[in-house]
Amino acid sequence: MKKVFAVLLVISLFVSCSSDDKNALFVNGTIRGLKKGTLYLQKIQDSVLTNVDSLIIKGSGDFAFKTSLESPEVYYLYLNKEDHNDINDRITFFGEPGSTITINTTWNTFDAAAKIEGSELHKKYEAFKEIMSKFNTEELVIVQALNDPKIAVDSVAIDSLQKLSERNGIRGFRYALNYAFSNSDSYLAPYVVLTEVPNTSVKYLDSVNNALSDEVANSTYGKALQSYIEQVRKTTN
């Protein structure tokens, strides 16, 4: 349901909310340079990207949303700038119950320029993504080399690059899996397994799952990991 109202009124309503609302998540900030567009707060629900709330922006890039959640989850800010260009229009962040997330960015570099504050879990997520991006960048370089016409006719070079790609993939896989093992008390652990190494063996999935703290195991992604493991078992038996 779209809500079109003055941002200052929204903020004032948010401030007046009870501080005892432990499940509340506040998301606010400014999109510099944005004069017109629709901003959506989204999350994955039942495997579908769902609009949690939306706000039509006219004349000011300030925004504010409020929602509730039982445990930390990944949310998205999607900006429809009405420019017929879907590139760089979605920001990913971890939301936590009882927190206020502030996101400041610019309309033309919406994703790349985003500064996200208010969530310690998100800081850890960004640090994890920074490491994983190195593996992704290396893979991109390898793919570009494989597409070089000069290398395309060199079987020795192709074999070498393919082995390099395989080793890089294994390194990225091991890093993500070890991260989950080493951070079993973090809500990131089950999320990392589900998004980065879902195709690993049930043995490793079980090992991570059994190592999770009770609090994490009972969270949204902890339950999702348990459900995923049960599905994998059914398909492999």
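The values are calculated or read from the model by the stated rules, or taken from the named source; none is laboratory data. Everything quoted here is computed from the prediction, not taken from an experiment. Every residue, glycine as well, gets a Cβ built from its backbone with ideal geometry; the counts of neighbours run over all protein chains shown. SASA here: full protein model, heavy atoms, side chains in, ligands and nucleic acids out. Shrake-Rupley method; radii C 1.70, N 1.55, O 1.52, S 1.80 Å.
Here are some residues: I103, I87, I57, I91. Which one is hydrophobic (A, V, I, L, M, F, W, C), part of a strand (DSSP E or B) and modelled with pLDDT under 95?
Among I103, I87, I57, I91, only I57 is hydrophobic (A, V, I, L, M, F, W, C), part of a strand (DSSP E or B) and modelled with pLDDT under 95.
Looking only at the range 10-25, decide whether some residue is touching a Lys or Arg at 6+ places or on another chain (Cβ under 7 Å), open to solvent by less than 10 Å² (accessible area, probe 1.4 Å) and either modelled with pLDDT under 95 or among the aromatic types (F, W, Y) (or both).
Looking through the range 10-25, none of the residues is touching a Lys or Arg at 6+ places or on another chain (Cβ under 7 Å), open to solvent by less than 10 Å² (accessible area, probe 1.4 Å) and either modelled with pLDDT under 95 or among the aromatic types (F, W, Y) (or both).
Hey, among K234, K203, K223, which residue is basic (K, R), at pLDDT 95 or above and open to solvent by 40 Å² or more (accessible area, probe 1.4 Å)?
It is K223.
Give me the pairs: first residue in the range 145-158 and free of Cβ contacts under 8 Å to residues at least 24 places away in the same chain, second residue surrounded by 12 or more Cβ atoms within 10 Å (Cβ to Cβ) and acidic (D, E), beta-carbon distance under 9 Å, and six or more apart or on different chains, which are they?
A157/D148
Of all residues in the range 176-200, count the ones that are open to solvent by 50 Å² or more (accessible area, probe 1.4 Å), touching a residue at least 12 places away in the same chain (Cβ under 8 Å), farther than 20 Å from K43 by Cα and in a helix (DSSP H, G or I).
Total meeting the criteria: 1.
Any residue in the range 36-50 that's touching a residue at least 60 places away in the same chain (Cβ under 8 Å): show its pairings with residues that are buried (at least 18 other Cβ atoms within 10 Å of the Cβ) and not aromatic (F, W, Y) at Cβ separation under 6 Å, as long as the two are six or more apart or on different chains.
If the second residue must be buried (at least 18 other Cβ atoms within 10 Å of the Cβ) and not aromatic (F, W, Y), the pairs left are G37/I57; G37/L79; G37/K81.
Filter the range 163-175 down to residues that are over 17 Å from Y125 (Cβ atoms) and surrounded by 14 or more Cβ atoms within 10 Å (Cβ to Cβ), then give me how many there are.
Result for the range 163-175: 5.
Write out, first by first residue and then by second, each pair whose Cβ atoms fall under 7 Å of each other, whose residues are 6+ apart or on separate chains, and whose first residue, in the range 114-133, is within 9 Å of F94 (Cα to Cα) while the second is assigned to a helix (DSSP H, G or I).
L121/L188; Y125/L188
Which one of these is over 28 Å from A180 (Cα atoms), of a type in the set (A, V, I, L, M, F, W, C) and either open to solvent by 70 Å² or more (accessible area, probe 1.4 Å) or not in a strand (DSSP E or B) (or both): L34, L49, L39?
L34
For the range 115-138, how many residues are part of a helix (DSSP H, G or I) and over 15 Å from the mean Cα position of the chain (by Cα)?
Residues meeting the conditions: 5.
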